[in-house]
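The values are calculated or read from the model by the stated rules, or taken from the named source; none is laboratory data. Keep in mind that what you see is a predicted model, and the values were worked out from it rather than measured. Ideal geometry is used to build each Cβ from the backbone, glycine not excepted, and the neighbour counts take in all protein chains shown.
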């Protein structure tokens, strides 16, 4: 009985975190010239892997019905606020290398940028 209650509470916490429609955004503009967009939809980044040039701006756009964020896990230092459908976050590639990033709300939602 106690185990069932704990499982139900855990499911409720996950659903509440995934169902938020709060819009928070670090940037609300379209990508600048020399920029590209990554869509966040169906709990995934699309494209998952992308090659950009130093100086390009990458803009992540939330096209999903749930809240997401974008956080560099290696190769760069950036972290967006959580943002809902229609929200965006932009980052300018300032050096060559590989940048791994994720949505910290949704484990397994990961992407890679190769900056040349």
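A few comments on the model shown:
- Exclusive hit being modelled with pLDDT of 95 or more and exposed (fewer than 13 other Cβ atoms within 10 Å of the Cβ), set 76, 72, 96, 30: 96
- Scanning the stretch 90-104 for residues that are in a loop (DSSP other than H, G, I, E, B) and in contact with a strand residue (DSSP E or B) (Cβ under 6 Å, 6 or more places away or on another chain) returns 93, 96, 103, 104.
- Test for residue 74: is it without any contact (Cβ under 8 Å) to a residue 60 or more places away in the chain, within 19 Å of residue 44 (Cβ to Cβ) and more than 12 Å from the chain's Cα centre (by Cα): no
- Filtered residues of the stretch 99-116 (kept if farther than 12 Å from residue 45 by Cα and either buried (at least 16 other Cβ atoms within 10 Å of the Cβ) or in contact with a helix residue (DSSP H, G or I) (Cβ under 8 Å, 6 or more places away or on another chain) (or both)): 99, 105, 115
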